[in-house]
Amino acid sequence: MELWYTEYQTKNLGLAARIKETLYSGKSDFQEVAVVESYEFGRMLVLDGVFQTSIFDEYIYHEMIAHVPLFVHPNPKNVLVIGGGDGGTIREVVKHQSVEVAEMVEIDGLVVEVSKKYLPEISSALNSNHPKLRLKIGDGIKHMKEVTDKYDVIIVDCSDPIGPGEGLFTHEFYTSVYKALKPDGLFVQQTESPFYHQELIRQLTADITSLFPITRLYLSSIPLYPGGLHCFTIGSKQYDPLKADIERIPANLDTRYYNREIQQSCFALPNFVKELVK
Ligand code: SAM
């Protein structure tokens, strides 16, 4: 009998992946956590029925959410990742020589434990307890309220705006992010699909623009996510992503998707996306 796993991306649309086996299935205080082995995407992390990451295409998302903002800031030393329990974003952050401390605040310890066991390629920096890493299991929203003037770059590697991630897409949260950043700091957040989450993108763009002098959206192709095209939004106090010095990006940076040309071209937007962020 064939096994299929379907993520319902909207009320009327699903992505179905044929599965070899379920490697893990459990429930934390926050969500249902599963790891399945699929034919096309390899091992996948699934939270509350939503595909989070896969061995097949994880490098695209993790490289794009980490390197684009970290090369906009000229000298990021203190970096915070909110969420990102699979460890892929932290794996990319610690590649930056300027980064001295890479904090990570993930609400769900079970996601971290399961990723360490079943997704070692992604969670390598967690597994090795990388010397730059400071891992805290806790609520990113609460953490942000307690911190002032601390970080150069904050990376919000969150799940969808439902369940524990809901409060990460609010004006109140962006106000705390602004406060937690240094005077020249910037942040990035994964901001979903330009096809299926248009109202969300309009709202969060307005919220971020009301606080930060510079707001920029960039795009990347990610097969696992709804519509295959994914948004990231940067709010910056001083540095304009469109003026990043690409000479700082080492030609031999260990990446499979990201490079100097992508750093610039990812900000080129189709007209319908320009409309969304106008
Ligand atoms: N790449 C993924 C995507 O876009 O689908 C995101 C992956 S990562 C697994 C998302 C993580 O955010 C989850 O592990 C979830 O537990 C965590 N998360 C959700 N709400 C959070 C909060 N309030 N504070 C900290 N972490 C949170």
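For this structure, a couple of remarks:
- So ASN259, is it closer than 17 Å to HIS73 by Cα and more than 16 Å from the ligand (Cβ to nearest atom): yes
- Annotation: GLU247 fulfils all but one of (1) surrounded by fewer than 22 Cβ atoms within 10 Å (Cβ to Cβ); (2) more than 13 Å from the ligand (Cβ to nearest atom); (3) closer than 23 Å to VAL177 by Cβ; the unmet one is (3).
- Members of segment 178-192 found to be surrounded by fewer than 24 Cβ atoms within 10 Å (Cβ to Cβ) and among the small types (Gly, Ala, Ser), listed by number: ALA180
- Condition broken by THR89, with the remaining ones in (1) under 20 Å from SER159 (Cβ atoms); (2) touching a residue at least 60 places away in the same chain (Cβ under 8 Å); (3) open to solvent by 10 Å² or more (accessible area, probe 1.4 Å) satisfied: (3)
- Subset of segment 19-35 (residues that are more than 12 Å from the ligand (Cβ to nearest atom), of a type outside the set (S, T, N, Q) and open to solvent by 80 Å² or more (accessible area, probe 1.4 Å)): LYS20, GLU21, LYS27
- Selection count where residues are part of a loop (DSSP other than H, G, I, E, B) and either within 17 Å of the chain's Cα centre (by Cα) or under 25 Å from THR191 (Cβ atoms) (or both), scope segment 122-139: 4
- Scanning segment 8-17 for residues that are part of a strand (DSSP E or B) and open to solvent by 90 Å² or more (accessible area, probe 1.4 Å) yields a single hit, TYR8.
- Residue in segment 36-54 that is at negative phi, open to solvent by 10 Å² or more (accessible area, probe 1.4 Å), assigned to a loop (DSSP other than H, G, I, E, B) and assigned by TED's automatic domain parsing to the domain that holds PRO164 present: no
- LEU133 falls short on exactly one of the conditions (1) within 19 Å of MET64 (Cβ to Cβ); (2) open to solvent by 10 Å² or more (accessible area, probe 1.4 Å); (3) in contact (Cβ under 8 Å) with a residue 40 or more places away in the chain, and that condition is (1).
- Single residue of ILE249, ILE222, ILE201 found to be under 22 Å from PRO161 (Cβ atoms), in contact with a His (Cβ under 9 Å, 6 or more places away or on another chain) and touching a residue at least 24 places away in the same chain (Cβ under 8 Å): ILE222
- Pairing each residue of segment 261-278 that is of a type in the set (Val, Ile, Thr) with any residue that is open to solvent by 100 Å² or more (accessible area, probe 1.4 Å), provided the two are 6+ apart or on different chains, yields C-beta distances under 9 Å for VAL277/ARG202.
- Residue in segment 69-76 that is away from the ligand (no atom under 16 Å from the Cβ), open to solvent by less than 50 Å² (accessible area, probe 1.4 Å) and among the aromatic types (Phe, Trp, Tyr) present: yes
- Strands (runs of 3 or more DSSP E) within segment 140-246 that include 3 or more residues under 25 Å from ARG43 (Cβ atoms) and in the same structural domain as MET104 (by TED's automatic domain parsing): 151-157, 229-236
- Hits in segment 77-86 - residues which are open to solvent by less than 10 Å² (accessible area, probe 1.4 Å) and within 13 Å of the ligand (Cβ to nearest atom): LEU80, VAL81, ILE82, GLY84, GLY85
The values are calculated or read from the model by the stated rules, or taken from the named source; none is laboratory data. What you are looking at is a predicted structure, and each value in this text was computed from that prediction instead of being measured. All Cβ positions, even for glycine, are placed from backbone atoms using ideal geometry, and neighbour counts span all protein chains on display. Ligands, DNA and RNA are stripped out before the accessible areas are found, and what is left, the full protein with its side chains, is counted by its heavy atoms. Shrake-Rupley method; radii C 1.70, N 1.55, O 1.52, S 1.80 Å.
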